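The values are calculated or read from the model by the stated rules, or taken from the named source; none is laboratory data. Since the structure is predicted, the reported quantities are computational estimates derived from the model, not experimental observations. Cβ sites come from the backbone with ideal geometry, for glycine too, and all protein chains shown count toward neighbours.
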Amino acid sequence: MARLSLVLIAMVMLFGVKAYAEDLATPSLDDIDYPEEEAPSAKEVELGKVLFFDPRLSLNMKQSCGTCHNPDLGFGDGLATGLGTMGGGLGRNTPHIYNLAWNVTFFWDGRAGTLEEQALGPIQAAGEMNLPLEKLIPRLQAVKYYQDTFKAVYGDGINKANVGKAIASFERTLNAMNTPFDQYLAGDKMAMGPEAVRGLALFEGKANCVACHDGANFTDNSFHNIGLKGDDKGREGVAGGKDMRGAFKTPGLRNVIFTAPYMHDGSEGSLESVVQFYNRGGDQDTNKSSQIKKLNLTEQEVSDLVAFLGALTDPLEIKRPKIP
Ligand code: HEC
Ligand code: HEC
């Protein structure tokens, strides 16, 4: 009996590991784990979009989620590190929010487990939008559109859980899925130029980027110290021991061309400088992942990799809604 369960555990582990090490692919909407089992209605998504762009979500009514996650700047803010509603600097780079529907940990250090939970964070954070949720609810209640739409979508009207649900529903629609790379995978061999095709081979081969940027969204959903300088503890501040010092979440790379500057500290200004960083094996060795080492890429190979990253682009047309 004991032996049988051991065999079973071993099988689960084997298959678990196999399912985990996914290949690069086109993401499928069918693989999204929606909290309510099915995709949200168009009305719920629109409600979340209006909330996302509504400055009422900040104490001084000057900042919406879309101020920092600006659709015209790849849902980032173009700054090395974010700026709060009161003008104070945030310690980390504003990440893009593309293709998070499949993601399982949020923030650079993974401290939030769901998009619903994540959304309520910046609203209340003193350094960000600085608005206690007790103040947000009456503000929304004063607006007829919110009153009617929350009631229609959720039945129980405006409350903080529903604010989180609506915003998360909108975020789960920001998916880059029809890039030249996806067209190439689907059989259109002309969709990527020769540079990008060579870049793909390097990405999976000599440069070994897939050690971490793997699967349909180019992330293993895990945490690594890639050898950036600086004293941010990263994942160590949330979970794990010293081995997680300076480790950050592997960001997905779809639409990455729009989201400069790069890394948790915004220290790399362009994709070319990111690839050069990896090429020299990072900038410091303390606790650095064993997967990061000198790559000896030629100039041509560096630009091939950059061309491949550029082929992961599907510009999504997101129009800012009218705020009621
Ligand atoms: C003041 C600028 C600012 C505002 C306003 C802001 N964010 Fe962010 N956002 C950030 C920064 C900076 C981070 C990264 C923080 C960290 O990882 O420690 C972040 C992280 C995130 C993430 C995690 C992304 C990932 O890859 O894990 C999501 C999702 C997100 N924000 C959504 C929102 C939503 C929704 C709102 C509005 C309710 C919002 N943000 C408001 C700056 C901002
Ligand atoms: C050991 C795992 C690992 C390997 C190997 C790796 N990366 Fe990364 N990558 C990460 C992590 C983790 C980050 C975020 C690091 C941080 O901000 O501290 C990152 C960040 C990036 C970013 C910035 C994304 C953004 O939104 O800021 C790009 C671009 C990138 N990697 C491309 C590559 C390329 C190209 C390769 C191969 C040459 C590669 N990576 C190899 C783990 C890895």
Could you list all residues from segment 194-227 that are small (Gly, Ala, Ser) and either assigned to a helix (DSSP H, G or I) or within 16 Å of ligand 1 (Cβ to nearest atom) (or both)? Ala196, Gly199, Ala201, Ala211, Gly215, Ala216, Ser222
Would you please name the residue that is farthest from ligand 1 (Cβ to nearest atom), looking only at residues in segment 244-257 that are among the hydrophobic types (A, V, I, L, M, F, W, C) and at pLDDT 95 or above? Ile257
Could you go through segment 15-34 and let me know if any residue there is hydrophobic (A, V, I, L, M, F, W, C), at pLDDT below 90, out of contact with any Ser or Thr (no Cβ under 7 Å at 6 or more places or on another chain) and not in a helix (DSSP H, G or I). yes
If Asp231 satisfies every condition in (1) modelled with pLDDT under 95; (2) charged (D, E, K, R); (3) part of a helix (DSSP H, G or I) but one, which is the exception? (3)
Just one of the numbered conditions (1) among the small types (Gly, Ala, Ser); (2) within 14 Å of ligand 1 (Cβ to nearest atom); (3) in contact (Cβ under 8 Å) with a residue 60 or more places away in the chain is not true of Gly230; which one? (3)
Take the residues in segment 261-306 that are closer than 21 Å to His96 by Cα and surrounded by fewer than 18 Cβ atoms within 10 Å (Cβ to Cβ), then tell me which one is farthest from ligand 1 (Cβ to nearest atom). Glu272
Tell me whether segment 56-63 contains one or more residues that are near ligand 1 (Cβ under 6 Å from one of its atoms) and in the same structural domain as Gln147 (by TED's automatic domain parsing). yes
Within segment 238-291, considering residues that are hydrophobic (A, V, I, L, M, F, W, C) and in a helix (DSSP H, G or I), the one farthest from ligand 2 (Cβ to nearest atom): Met244
Condition check for Asn221: assigned by TED's automatic domain parsing to the domain that holds Arg245, out of contact with any strand residue (DSSP E or B) (no Cβ under 9 Å at 6 or more places or on another chain) and on the phi > 0 side of the Ramachandran plot: no
May I ask you to say which residue of Asp214, Asp182, Asp188 is surrounded by fewer than 17 Cβ atoms within 10 Å (Cβ to Cβ) and among the charged types (D, E, K, R)? Asp188
Residue satisfying all of: in segment 35-67; outside any loop (DSSP other than H, G, I, E, B) and free of Cβ contacts under 8 Å to residues at least 60 places away in the same chain; nearest to Glu134 (Cα to Cα) among these: Thr67
Assess whether Met263 counts as being modelled with pLDDT under 95 and within 20 Å of the chain's Cα centre (by Cα). no
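A quick yes/no check of all residues on (1) in contact with a Gly (Cβ under 9 Å, 6 or more places away or on another chain); (2) farther than 28 Å from Phe181 by Cα:
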{"site": "Asp232", "(1), (2)": "yes, yes"}
{"site": "Arg235", "(1), (2)": "yes, yes"}
{"site": "Gly269", "(1), (2)": "no, no"}
{"site": "Lys288", "(1), (2)": "yes, yes"}
{"site": "Ala311", "(1), (2)": "yes, no"}
Segment 282-324, residues that are in contact (Cβ under 8 Å) with a residue 60 or more places away in the chain and among the acidic types (Asp, Glu): Glu301, Asp304, Asp314
Which residue is modelled with the lowest pLDDT, if the candidates are limited to segment 92-129 and must be more than 9 Å from ligand 1 (Cβ to nearest atom) and surrounded by fewer than 19 Cβ atoms within 10 Å (Cβ to Cβ)? Ala126
With the structure loaded, tell me whether Ala191 is part of a loop (DSSP other than H, G, I, E, B), within 17 Å of the chain's Cα centre (by Cα) and more than 12 Å from ligand 1 (Cβ to nearest atom) or whether it fails that test. no
